[in-house]
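Have a look at the structure below before the remarks.
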Amino acid sequence: MSQAILLAKHAFSHDDVPIGAVIVRDGKIIARGENQVQKRKNPTLHAEIVAINRACKKLGTKFLDECDIYVSLEPCAMCATAISLARIKNIYFAATDEKGGGITSNAKIYETDRHLWKPTVHQIPEFADESAQLLRDFFKRRRKQ
């Protein structure tokens, strides 16, 4: 999770919402992603999507069923669906997202039977404060601008 937080800080530096994600297989990081929505002018380039694309390319597969994803913020509905489509085994996230969360806070997309693949979801609360503070700082700065 500390790597996801570092990636979130990097996203902050290029004026993207500070969210980072890493994908792990057999205890090793195989892909990293950070929000690149502003940087690349593409609304779909959330940290999770970037990391999934990189992991699939690296492994040469469309399924990541032996992988886990660590995200600094609870994934939104789009990213939670992409995680399901990629068949990622476990999601670990730091902070919850009351407004845009797709798993526990808002859309709760895995609570329906419509997803063929449901990853196991874990929150890692010891990183929640750091992740949430990054987000507060980011939006405070944005409001000043």
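Here, each number is a calculation from the coordinates, and none is a lab measurement. None of the values given here were measured: they were computed from a predicted structure. Glycine also receives a Cβ, built like all others from the backbone with ideal geometry; neighbour counts cover every protein chain displayed.
Charge dipole (Cα centre; +1 on Lys/Arg Cβ, -1 on Asp/Glu Cβ; no other charges) of the chain amounts to roughly 660 debye.
Spatial offset of segment 65-88 relative to segment 19-64 amounts to 10 Å, using the alpha carbon center of each. Could you work out how far helix 47-59 tilts from the main Cα principal axis of the chain, as a 0 to 90 degree angle to the nearest 10? So the helix axis and the longest Cα principal axis differ by about 40 degrees.
Taking the Cβ of Leu85 as the centre, find all other residues whose Cβ is under 15 Å away and add up their charges (Lys, Arg: +1; Asp, Glu: -1). Mind dumping the intermediate values first?
Values: positive: Lys62, Arg87, Lys89, Arg114, Lys118; negative: Glu48, Asp65.
Around Leu85, the surrounding residues sum to +3.
At an R0 of 41 angstrom, the distance between the Cβ atoms of Lys144 and Arg114 translates into a FRET efficiency of 0.50.
Helical content of the chain, expressed as a calculated mean residue ellipticity at 222 nm, amounts to -11500 deg cm²/dmol (DSSP H runs of 4 or more residues, -39,500 (n - 2.57) each, divided by residue number, nearest 500). A crude spin-label estimate for the pair Lys28 and Lys41, with each label 7 Å from Cα along the Cβ direction, gives 3.8 nm. Residue separation of Arg54 and Asn106 scaled by 0.36 nm, minus their Cα-Cα distance, works out to 16.0 nm of gained length.
Restricting segment 1-80 to chymotrypsin sites (Phe, Trp or Tyr not before Pro) that sit in a DSSP loop and have at most 15 other Cβ atoms within 10 Å of their own Cβ leaves Phe63. Identify the trypsin sites (Lys or Arg not before Pro) of segment 79-121 meeting these criteria: DSSP loop state and at most 11 other C-beta atoms within 10 Å of the C-beta. Answer in residue order: Lys99, Arg114. Of all aspartates and glutamates in the structure, those lying under 15 Å Cα to Cα from Lys99, and not within fewer than 8 positions of it along the same chain, are Glu74. On the principal axes of its alpha carbon atoms, segment 86-141 extends 40, 20, 17 Å, with the longest extent given first.
Within a straight-line Cα-Cα reach of under 26 Å, Lys57 can be paired with the following lysines, leaving aside sequence neighbours fewer than 8 residues apart in one chain: Lys9, Lys28, Lys39, Lys41, Lys89, Lys118.
Taking 2.2 N^0.38 Å as the expected size of a compact globular protein, what ratio does the Cα radius of gyration of segment 38-82 give against it, to two decimals? Kindly include the intermediate steps, with their values, before the conclusion.
Working: Rg = 11.0 Å, N = 45, 2.2 N^0.38 = 9.3 Å.
Normalised by 2.2 N^0.38 Å, the Cα Rg of segment 38-82 equals 1.18.
Starting from the Kirkwood radius over alpha-carbon pairs of the chain, derive D by Stokes-Einstein at 4 °C in a medium of 1.567 mPa s and give it in µm² s⁻¹.
It comes out at roughly 87 µm²/s.
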